1. Quick one: Debye curve from the alpha-carbon atoms of the stretch 4-89 only, equal weights, vacuum; give me log10 I(q)/I(0) at q = 0.20 Å⁻¹ to two decimals.
2. Where the centre of each part is set by its Cα atoms, how far does the stretch 256-272 sit from the stretch 1-73, in angstrom?
3. Ignoring everything except DSSP H segments at least 4 long, calculate the 222 nm mean residue ellipticity for the chain; use -39,500 (n - 2.57) per segment, divide by total residues, nearest 500.
4. For the stretch 112-340, what is the charge dipole size about the Cα centre, in debye to the nearest 20, if Lys and Arg each add +1 at the Cβ and Asp and Glu each add -1 at the Cβ?
5. Distance from a point 7 Å along Cα→Cβ of residue 96 to each backbone N in the stretch 340-363: keep the residues under 19 Å and list them by number.
6. Using the Cα atoms as the points, what is the convex hull volume per residue of the stretch 38-145 in Å³?
7. Expressed as an acute angle from 0 to 90° and rounded to the nearest 10, what is the orientation of the C-alpha long axis of helix 230-245 relative to the principal long axis of the chain?
8. Taking amide H positions as placed in the peptide plane 1.01 Å from N, state which residues far from residue 297 in sequence (5 or more) or on other chains have amide H under 5 Å from it.
Amino acid sequence: MTDITALERDLSERIAASGDDAALEAVRVAALGKKGQVSELLKSLGGMSPDERKMQGPAINGLRDRVTTAIAEKKQALADADLQRRLETERVDVTLPAVPFPFDPGAGRIHPVSQVTDELIAIFADMGFGVAEGPDIERDDYNFTKLNIPPEHPARQMHDTFYLNGNAGDGARAVLRTHTSPVQIRTMLTQKPPIRIIVPGRTYRSDSDQTHTPMFHQVEGLVIDETTHMGHLKWTLEEFCKAFFEVPQVKMRFRASHFPFTEPSAEVDIQCDRSGDTVKFGEGNDWLEILGCGMVHPKVIANCGLDPEKYQGFAFGCGIDRLAMLKYGLPDLRAFFDSDLRWLKHYGFSVLEQPSLAMGLTR
Ligand code: PHE
């Protein structure tokens, strides 16, 4: 007759000494498996006299229960210890400074267009502008008609529009938007003034050479309220240019121009120096055109269901790719969209440096 106390002590020691799941499983099989020591004891109950069974039954069953519990507890303890070990070894100290680029020469870079877009958003957000968006596939009435460009207007040809088959709802023709200005319409149709938004996004025109690609990027600005005038427009654009080109002063020139959706309209040039290898802003004798702007045409305001006697404001539109070329000295626009990794590594920006006015736009 096996000594139950001695067996229990032996099993307890072996359970305690099990260093991993495999060792513990071996003890379990040796004790509770089909031919295990405890199982054999249980089987022996069948051959005992009733009196003997009355004595041994509770003792052996009690042993089985305690061994089962001890194994389960040990299993849990092993799992806890394992988790603890992993938490220790895989710990990340989030208070450490970010690893500066290049932590991995193959790591991703931020495309100059995305970088400049983030910069624009940081600058205009600081002036109280929100960011609005619209679809690339636009209704022709939002892209043109409601912007005071009627169907036979020559400006439709000038925009080299990509027309799509099918309609964009209510019989409107679908076009790839030729500018971000339709988001002016979308915003005025759905929001009550005061409105103060910028709209960065993709735009499309059938045009391709060193400074034009069929897809390019614009940022639109729109302010509508009851008192905004041309002086606010000039101040806003001046503050923007100083912040964007990171210079204390910029000289700007507002040249009278024409857009169907603004009256009066102007094109804005900034003074620069192109005598060296790179363009310098805020000095020099050259002028560079950077954007179109004006006071929103009363007809456009009325087309959106707002009262032009009550509301007025300004709008501007600016090529983002062109801004990126100017600020970062990128010579060929087409390379922007070649997806050449060598180009991106050279001209791209670190993923860890978010432009902000407080920390600087580029570091
Ligand atoms: N949408 C015009 C363009 O693409 C730019 C513009 C926007 C001009 C807003 C005036 C006001 O050329």
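1. -0.88
2. Centre-to-centre distance over Cα atoms comes out at 93 Å.
3. On the way: 12 runs with 144 residues, N = 363.
About -12500 deg cm²/dmol.
4. Details: 22 positive and 33 negative charges, 93 e Å.
The dipole magnitude comes to about 440 debye.
5. Residues 351-353 qualify, since their backbone N sits under 19 Å from the label point.
6. Details: hull volume 41.1 nm³, N = 108.
About 380 Å³ per residue, rounded to a whole number.
7. With both axes taken from Cα atoms, the answer is about 50 degrees.
8. 262, 263
Just so you know, all these numbers are worked out from the coordinates, no wet-lab data involved. From a predicted model like this one, the values you see are computed outputs, not experimental measurements. Note that each Cβ is placed from the backbone with ideal geometry, even for glycine, and that neighbours are counted across all protein chains shown.
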